[in-house]
Amino acid sequence: MKTSASGHYYQVRFKDLLGEIHEETVYALDAKNAQDLAVEANEELRKRPHLITAILESE
């Protein structure tokens, strides 16, 4: 049986070290995948992934 995985857009919100809120939009299979993609794409998140404050699925 063939299945197809469909992704969704996710908003990954995070604060920088100055407390400013940033947001990245990623296309991912699930929230964990969205987190991984955001961390991979952002140098500050690679060093400090705990700065992520929310991962929201969007349309």
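In the chain, the DSSP-assigned H stretches of four residues or longer account for a calculated mean residue ellipticity at 222 nm of -7500 deg cm²/dmol, using -39500 (n - 2.57) per stretch and the full residue count as denominator. By a 1.4 Å probe calculation restricted to protein chains, ASP30 has an accessible surface near 70 Å², given to the nearest 10. What the Kirkwood sum gives for the chain is a hydrodynamic radius of 11.8 Å, with every pair of different alpha carbons counted.
The values are calculated or read from the model by the stated rules, or taken from the named source; none is laboratory data. Small disclaimer: the values here were computed from a predicted structure and weren't measured. Surface areas here come from the heavy atoms of the whole protein model, side chains and all, with no ligands, DNA or RNA. Shrake-Rupley method; radii C 1.70, N 1.55, O 1.52, S 1.80 Å.
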